[in-house]
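Colleague: Before I ask anything, here is the structure I am working with.
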Amino acid sequence: MVYWQNKLFWDPDADRAEVLGEYYRLFFGPAEAEMRAFYELAEEVWSRPASRSLTESTGFLQEADVDRYFELLAKARAKAGKGTVYDDRIARIEGEMQSLKKLFPNLKRSGPSIRAYPAPSPPAIDGAIEEYRYGWTPLRDTTTGQAPAKNATRAALAMTADKSALLVAAVCHESRMAELKADCRTGDDPSIFEDDVIEVYVNTPERSYFKVVVNPNGAIFDETTDVALIDRDTLPILWNPGTKAAVKKFADRWTVEIMIPTGDFGQLGPSQDFPWGIQVGRTRFTGGTREAWALAPTSGGPYRTLNRWGNLWVR
């Protein structure tokens, strides 16, 4: 693109095909044809009328495209000849693209199957979690995979009959309730990440992931990483689907009930054929150091380690 643009500065009527042909010939020598095919494939992929955000099954880039990119680069390097300046140029492109090889494997979730049970009807977001009778699952240490003996956490997920809202309930046992770390009191305030919180992450076959965070004051932070929704809403943090949350505090625990409207999540799933990626994490600072437990432990990685997430489904 730099070569083409600078040619246009000198000759605004330059023939595109002729200029690009000159570029492939001069810059890649014997590998001219293979690199032409490489760039034309890249242009074709980028021009697809599909989402810029990638999920395991949707988006402008397909897993087969990645294989094709590296096949063409390998052929080009063979044609260029080992040790030539042309081979060095192609090798630099190949090196810059190595992270693509991890992209789709990292989208394949290896976490547990998590069932969302029918939500109470109508759902009353009041912090009373006794109505969640099924599906309670302990959160485990993100690194060791073990449930803590002290300050344990359990979570349950439910969905409304019309699939318009996902509900998350959590019970956070706490041995030091009088010292509970909870300073943030306003919505979408990044300082919430310095508090004890429950974090919920969801991605779907059609959308990149969503993040909802609630602290013991009931303050809510929600954002999206989906490119199409960011374009619509201007900034990730300006995604505000109408999340609601209610917290109750007791002598030895705090509980939270969260309702996340799913209008932006797409039409597919959550089902066994089209599961949603799900992660629920509890971060605790009350003990003086950061502790983290998750529905799907991440082997030491952050909650957003997508390939470790669970697979959410409803009947």
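Results for (1) out of contact with any strand residue (DSSP E or B) (no Cβ under 9 Å at 6 or more places or on another chain); (2) in the same structural domain as Arg304 (by TED's automatic domain parsing); (3) β-branched (Val, Ile, Thr); (4) without any contact (Cβ under 8 Å) to a residue 12 or more places away in the chain, shown as yes or no for each residue.
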| residue | (1), (2), (3), (4) |
| --- | --- |
| Val45 | yes, no, yes, no |
| Arg52 | yes, no, no, no |
| Arg92 | yes, no, no, yes |
| Met97 | yes, no, no, no |
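Colleague: Mind telling me which of the residues Ala155, Ala149 ends up being surrounded by 13 or more Cβ atoms within 10 Å (Cβ to Cβ) and not assigned by TED's automatic domain parsing to the domain that holds Phe70?
Modeller: From the options Ala155, Ala149, the qualifying one is Ala155.
Colleague: Give the range 109-152 a look and list any residue that's under 23 Å from the mean Cα position of the chain (by Cα) and either of a type in the set (Ser, Thr, Tyr) or within 16 Å of Ala246 (Cβ to Cβ) (or both), or say none.
Modeller: Selection gives Ser110, Ser113, Thr137, Thr142, Thr143, Thr144.
Colleague: Only one of Tyr134, Tyr86 is buried (at least 18 other Cβ atoms within 10 Å of the Cβ) and either charged (D, E, K, R) or free of Cβ contacts under 8 Å to residues at least 60 places away in the same chain (or both); which?
Modeller: It is Tyr86.
Colleague: Condition test on Ile192, is it modelled with pLDDT of 95 or more, within 18 Å of Lys244 (Cα to Cα) and in a helix (DSSP H, G or I)?
Modeller: yes
Colleague: Quick one: His173 ticks every box in (1) modelled with pLDDT under 90; (2) surrounded by 13 or more Cβ atoms within 10 Å (Cβ to Cβ); (3) over 20 Å from Pro241 (Cα atoms) bar one, so which box is it?
Modeller: Single failed check for His173: (1).
Colleague: Okay, next question. Asp11: free of Cβ contacts under 8 Å to residues at least 60 places away in the same chain and within 37 Å of the chain's Cα centre (by Cα), yes or no?
Modeller: no
Colleague: Right, something else. Working carefully through the options Arg16, Arg36, find the one that is among the basic types (Lys, Arg) and surrounded by 11 or more Cβ atoms within 10 Å (Cβ to Cβ).
Modeller: Of the residues listed, the single one that is among the basic types (Lys, Arg) and surrounded by 11 or more Cβ atoms within 10 Å (Cβ to Cβ) is Arg36.
Colleague: Which of the residues spanning the range 157-174 are in a loop (DSSP other than H, G, I, E, B), farther than 22 Å from Asn215 by Cβ, of a type outside the set (S, T, N, Q) and touching a residue at least 12 places away in the same chain (Cβ under 8 Å)?
Modeller: Hits for the range 157-174 are Ala161, Lys163.
Colleague: Among the residues in the range 109-122, are any part of a loop (DSSP other than H, G, I, E, B), out of contact with any helix residue (DSSP H, G or I) (no Cβ under 7 Å at 6 or more places or on another chain), farther than 30 Å from Asp273 by Cα and without any contact (Cβ under 8 Å) to a residue 24 or more places away in the chain?
Modeller: no
The values are calculated or read from the model by the stated rules, or taken from the named source; none is laboratory data. None of the values given here were measured: they were computed from a predicted structure. FYI the Cβ positions are ideal-geometry reconstructions off the backbone, even for glycines, and counts take in every protein chain you see.
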